[in-house]
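Down below is the structure, laid out as C-alpha cells.
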Amino acid sequence: MILWLTLIALGLWTVVFRYRRRRLYKLASLIPGPEDENPLIGLAHKFTGDDEDIMSALQRYSYVTMELDGLMRGWLNHILYFVTLNPQDMEVVLKTCLEKDDLHRFIRNIIGYGSIFAPVPIWRRRRKILVPAFSPKIVENFVEVFSQQSQVMKKKLETCCNKGPFSLWPFVSTYTLDSVCETAMGVKINAQSNPNSTFLTSMNSILHLVCQRIFHLWLQPEWLYKLFPRSQVHEKCMKTLHSFTDGVIKMKRDEIRMEISNKSEADCEYDLGNYRQKTFLELLITLSGGEKGFTDIELREEVLTLTIAGTDTSAVAIGYTLKLLSMYPHIQDKVYEELYEIYGDSDRPLIKDDICRLKYLERVVKESLRLFPPVPFIIRKVLEDTKLPSGRILPAGSGVVVSIWGAHRDPKYWGPDAEVFDPDRFLPERFKLSHPCSYMPFSSGPRNCVGYQYALLSIKTALSTILRSYRVVGDAQTTASPRIRTKMAIMMKDVDGYKVALEKRKPTSN
C-alpha cells in the first residue's frame, strides 16, 4: 500500500513539475540538440570522465553547435542548457543575462561573493569600486613587480636548461602567484622559492575539487558531498586560503590606520595620483570608504577572487604561448628578433616603456589567447524569455553556455584557416572582425574582466624575459593547426603541464 501511494505521489509530482515547465519544454523543442543526447538523462553521461574527457566533450559540442547554426540545446538530467557561439547572440546574452549560473555556487563556497561570481546587486556596487582600481595609470605601475618576479623565474628556469623536456607549470604559476600576491595584497610569499607553499597547494587542490563538483552531478548535493573524504580536503584548503587572506587584511588595515593617524588633516585627502603605488587591497579599502567601506569579509572575497583568477589566467596564457612557440620555431625566431632589436645582448630588466614596443609579441599573445582562451566557457542564467538576434528564444529557467573556445575557431567568422596558429592575423590591416564578440578572451559586456590589462602586462613581461634568455624547444608541428591536449580545471589547462625543453641563448654580438 505504501509503495503504491509513493508511486502515485511521485507520478503526480512529475505531472505538476512538467506542467509548470511546459513553456520551457516547448521552446527547447524548437532548438536542435546533438544526436547522442539520451532521452532520459540528456548529456549527463558525457561528463562522467576525468578533466580531459570533460574538456573534450565541451569542445566536441562546440563543433556541433557550429554545424547547428550557432545554437545547440542540451539537457543535463532535468536541467536545460544551451550552447551558443553566434557572436550576435552572445552579445545579447552577455549584456542581458547578467546572473551567473547556479553551478558557480561551488566556487562561491570558497570566495563568497567576489565580483566575478557575485549576484547582480552585489556585483554592481563592487564593480564601481573595482573599475578605478584597475585604471591603466595604476596598473602600469605594477610592471616593476612583474619585471622583478620574472627575473626570479628566469633564474629558476636556468636549472632546467639543456636537460630535456620538463613542465613549465610550476614555474609560471608560482611567478604569477608571487606577482599577484605582491600587487594585490602587498605581501611576498616567495612561492617561486617554495613551490610547495601551503597557499599554492591549497589553491590548486580546491580548484580541482570545485571542477569535479561542477561536472559530476553526484558530488553536487551538499549532504552527499560531505560523505566523501575529499570534502575534508576541501574544508582544510578553504581554511588555509581564508586564514592567510584574513591575516593580510588585518595587517593592512592596521597599517592604514597608523598612516592616517600620523598625517595632518590636509594630508588625508585621496586622489588617484596617490593610489598609483598602492596595492589592490589598499585601493579597495580606501576607494570603498575606509572604515565605513568594505567589511573584512568583503575584502577577503575580492582579494581571493583577484588572487585565484589573476594567478591562473596569466599562468595559463604564458604556458600556452610558450608551448606554441616551441611547436613553431619560425614564429619564435620572429619574436626573438623583435626582442633583440629592443635589448640587444643586454640583460637589463624590462621597464614599462618597453611594453609598447613589443608589437609582434603582442600579436603572438593575442593569437595564443584566440586558440587557447584560459576561460573557454561562460555560463549565465536565463531569468526571463530572451529573444536572440538569430530569431531563437531562450526560455526562462534555462542556462546558456557562451562558448568562447568555439567562437574563436568558427570558420564562419575566422575563415577556412580558423584552426591555424597565425599571429599576423592580428595585423591592423588584417584584423577586421565582422563582430567584436568573435574575439573575447577576457569576456565581453558589463561583466567582462576588469583586470585584462593587468593580465596582458604580466603575460608580456614574463614571455619577453624568458625568450630573451632561452630558446623554447618542443615537437615542431608539421601542420599549421596546433594540437594540444587540454583539460577543464575551472580554466582550460594543458594536460601535460606545458612540457617543453629550454636551451640557453648565446650572445649574438661581438
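Derivation of every value follows stated rules applied to the coordinates shown; laboratory data play no part. Keep in mind that this is a model prediction, so the values were computed, not measured. Ideal geometry is used to build each Cβ from the backbone, glycine not excepted, and the neighbour counts take in all protein chains shown.
Pick out, from Y19, L324, T279, the residue whose Cα sits farthest towards the positive end of the charge dipole of the chain, with +1 on the Cβ of Lys and Arg and -1 on the Cβ of Asp and Glu.
The Cα lying farthest towards the positive end belongs to Y19.
Tell me which GluC sites (Glu not before Pro) from region 320-367 have a DSSP coil assignment and no more than 10 other beta carbons within 10 Å of their own.
Numbers: sites: E337, E338, E341, E362, E367; in loops: none.
Within region 320-367, no GluC sites (Glu not before Pro) qualify (loop, at most 10 other Cβ atoms within 10 Å).
Give the residue from G112, F142, A184 lying farthest towards the positive end of the charge dipole for region 108-190; charges sit on Cβ (+1 for Lys and Arg, -1 for Asp and Glu) and the dipole is referred to the Cα centre.
Comparing the listed Cα positions along the dipole, G112 ranks first.
Round to a whole angstrom and tell me the spacing of the C-alpha centers of region 221-240 and region 365-381.
The two parts, judged by their Cα centres, are 29 Å apart.
Any idea what angle helix 198-215 forms with the longest principal axis of the chain, computed on alpha-carbon atoms, 0 to 90 degrees, nearest 10?
30
Below 8 Å, C-alpha to C-alpha, sequence gap of six or more: please give me the relative contact order for the chain in percent. Could the numbers behind the result be given before it?
Numbers: 728 pairs, mean separation 131.7, N = 510.
After rounding, I find 26 percent.
Go ahead and estimate [θ] at 222 nm for the chain from helices alone: -39,500 (n - 2.57) per DSSP H run with n ≥ 4, summed, over the residue count, rounded to 500.
Numbers: 21 runs with 262 residues, N = 510.
One gets -16000 deg cm²/dmol as the mean residue ellipticity at 222 nm.
Please label the shape of region 114-255 as rounded, prolate or oblate, based on the square roots a ≥ b ≥ c of the eigenvalues of the alpha-carbon gyration tensor (a/c under 1.5 means rounded; beyond that, a/b larger than b/c means prolate, else oblate). The partial results should precede the final answer.
Numbers: a/c = 1.91, a/b = 1.15, b/c = 1.66.
Oblate is the answer for region 114-255, as a/c is 1.5 or above yet b/c matches or exceeds a/b.
Across region 240-251, in residue order, what do the Karplus-derived ³J(HN,Hα) couplings come to in whole Hz, using 6.51 cos²θ - 1.76 cosθ + 1.60 with θ = phi - 60° and x for Gly and Pro?
Per-residue couplings from phi come out as 4, 5, 5, 5, 5, 5, 4, x, 5, 4, 4, 4 Hz.
Only loop residues by DSSP count here, and only those with at most 11 other Cβ atoms within 10 Å; note down the trypsin sites (Lys or Arg not before Pro) in region 55-164 that meet that.
Numbers: sites: R60, R73, K95, K100, R105, R108, R124, R125, R126, R127, K128, K137, K154, K155, K156, K163; in loops: K163.
Answer in residue order: K163.
Relative to the longest principal Cα axis of the chain, at what angle does helix 87-96 sit, 0 to 90 degrees, rounded to 10?
It is inclined by approximately 80 degrees.
Determine the dipole magnitude for region 24-504: charges of +1 sit on the beta-carbon of Lys and Arg, -1 on that of Asp and Glu, nothing else is charged, the reference point is the Cα centre, and the result goes in debye to the nearest 20.
It works out to roughly 460 debye.
Of V233, F199, C449, which is farthest on the positive side of the dipole of the chain, counting Cα position, with +1 on Lys and Arg Cβ, -1 on Asp and Glu Cβ, and the Cα centre as origin?
About the Cα centre, the residue reaching furthest to the positive side is V233.
Angle, helix 296-327 long axis vs. longest principal axis of the chain, Cα atoms, 0 to 90°, nearest 10?
With both axes taken from Cα atoms, the answer is about 80 degrees.
Based on alpha-carbon centroids, what's the gap between region 416-454 and region 139-217 in Å, whole number please?
26
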